[in-house]
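Chemist: The structure is given below, and queries will be raised subsequently.
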Amino acid sequence: MLALVFVVAAATAPATPADGVYAYSVSIGGAPAGKTTIQLAHVTGGVQLTESGTANFGGSDFSGSATLRLDGSLAPTSYAAVYSPSGRTIHAALAFNANTANETADNGNMAFTLGANTKNFAVLDGSLFAGFFILPAQLRAWNAQSFTVVAPMFGRSTSIALDASLKADRPKDVPVADVPLSVSDPVEFTLWYDPATLVVDELVVPQQDATYSRLHAR
């Protein structure tokens, strides 16, 4: 009986990218601006993503790191980040409890609630990439078209809906099997990902002229 229960649980676990390390280059206006690395691992109770990134923009160095924990349904349970712009170190953390996300940060504490017509939180945190990386898997697991985003770097939360009418141009270096996941408001972006593996190959943010491209993906 225990073996049967385990097999059923494993069969119903939501799909994610395979455990491993995924690296991305960052460009602004077509010029190299940084890189970030994400390690995904299935852990007891869910999934953990650990990120470390560096960048240089406008002559200033930036580094950041984050750990995002998800439960068995890929809903976020906790998030902790350290941002290091030139000459500073800033900390922020999130704890999720049902319909509430509580932020603890150097500049104060905040609480966010699920937006109207949404049932799930996602973490999309400024220039850090882990939340974008796991977003296609989350939305498939939740069968959701809308969600509430929390961005602890900025101390903000907003509801977001996918925009199927946004027809983003396919970047020339994106694999032909990739499909887009697009958002037009409040900031337009498109994730290009492999629907078989759920691995993101590219993130394009037109308003910032920014691109995250997977390294060694092809």
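Chemist: Which condition number in (1) closer than 14 Å to V123 by Cα; (2) within 15 Å of the chain's Cα centre (by Cα) is the one that S52 fails?
Modeler: Here S52 clears every test but (1).
Chemist: Only one residue in T67, T89, T50, T54 is of a type in the set (V, I, T) and more than 30 Å from A18 (Cβ to Cβ), so which one is that?
Modeler: Only one candidate qualifies: T89.
Chemist: Show the residue pairs that are 6+ apart or on different chains and have beta-carbon atoms under 8 Å apart, the first residue being within the range 135-149 and at positive phi, the second being assigned to a helix (DSSP H, G or I) and buried (at least 22 other Cβ atoms within 10 Å of the Cβ).
Modeler: Note: no pairs meet the criteria.
Chemist: Still on this model: Residue pairs, Cβ under 7 Å, 6 or more apart or interchain, first in the range 72-88 and on the phi > 0 side of the Ramachandran plot, second part of a strand (DSSP E or B) and β-branched (V, I, T). List them.
Modeler: Once the first residue is on the phi > 0 side of the Ramachandran plot and sits in the range 72-88, its partners that are part of a strand (DSSP E or B) and β-branched (V, I, T) give L74/V47.
Chemist: Separate question: Looking at the structure I just gave you, is A101 small (G, A, S), modelled with pLDDT of 95 or more, farther than 30 Å from P206 by Cβ and not in a loop (DSSP other than H, G, I, E, B)?
Modeler: No, not satisfied.
Chemist: Tell me which of these L181 doesn't satisfy, since it passes every other one: (1) under 23 Å from N97 (Cα atoms); (2) under 15 Å from the mean Cα position of the chain (by Cα).
Modeler: (1)
Chemist: Against the conditions (1) part of a strand (DSSP E or B); (2) farther than 30 Å from T12 by Cβ; (3) under 15 Å from the mean Cα position of the chain (by Cα); (4) without any contact (Cβ under 8 Å) to a residue 60 or more places away in the chain, where does V187 fall short? Just the number, please.
Modeler: Result: V187 fails condition (1) only.
Chemist: Hey, any hits in the range 159-180 for a residue that's over 26 Å from A92 (Cβ atoms) and not in a loop (DSSP other than H, G, I, E, B)?
Modeler: yes
Chemist: Right, next: Kindly provide the set of residues from the range 56-97 that are charged (D, E, K, R), out of contact with any Gly (no Cβ under 8 Å at 6 or more places or on another chain) and either in a strand (DSSP E or B) or under 16 Å from V123 (Cα atoms) (or both), ordered by number.
Modeler: If the condition is that a residue be charged (D, E, K, R), out of contact with any Gly (no Cβ under 8 Å at 6 or more places or on another chain) and either in a strand (DSSP E or B) or under 16 Å from V123 (Cα atoms) (or both), then D61 is the only one that fits.
Chemist: So which of A137, A144 is assigned to a helix (DSSP H, G or I) and either more than 23 Å from S25 (Cα to Cα) or in contact with a Ser or Thr (Cβ under 7 Å, 6 or more places away or on another chain) (or both)?
Modeler: Numbers: A144 fails: assigned to a helix (DSSP H, G or I).
None of the other options fit; the residue is A137.
Chemist: Further question on the same structure: Could you say whether any residue in the range 99-106 is acidic (D, E) and free of Cβ contacts under 8 Å to residues at least 24 places away in the same chain?
Modeler: Pass one, the range 99-106, residues acidic (D, E): 103, 106.
With free of Cβ contacts under 8 Å to residues at least 24 places away in the same chain added as a condition, the list becomes 106.
Yes.
Chemist: Do you know which residues across the range 114-125 are over 16 Å from the mean Cα position of the chain (by Cα) and surrounded by 12 or more Cβ atoms within 10 Å (Cβ to Cβ)? Lay out the reasoning, then the answer.
Modeler: First, the residues of the range 114-125 that are over 16 Å from the mean Cα position of the chain (by Cα): 114-119.
Scanning the range 114-125 gives L114, G115, T118, K119.
Chemist: Right, something else. Could you check the range 2-19 and list, in sequence order, the residues that are modelled with pLDDT of 50 or more and over 16 Å from the mean Cα position of the chain (by Cα)?
Modeler: Just the residues of the range 2-19 that are modelled with pLDDT of 50 or more, to begin with: 3, 11-19.
Selection gives A3, A11, T12, A13, P14.
Chemist: Out of all the residues in the range 156-214, which are of a type in the set (G, A, S), exposed (fewer than 15 other Cβ atoms within 10 Å of the Cβ) and at pLDDT below 95?
Modeler: Within the range 156-214, A164, S165 meet the criteria.
Chemist: Just name the residue that is surrounded by the most Cβ atoms within 10 Å (Cβ to Cβ) out of those in the range 54-91 that are modelled with pLDDT of 95 or more and of a type in the set (G, A, S).
Modeler: A66
The values are calculated or read from the model by the stated rules, or taken from the named source; none is laboratory data. As the structure is a computational prediction, the values presented were derived from the model and not from experiment. Heads up, the Cβs are rebuilt from the backbone with ideal geometry, glycines too, and the neighbour counts pull from every protein chain shown.
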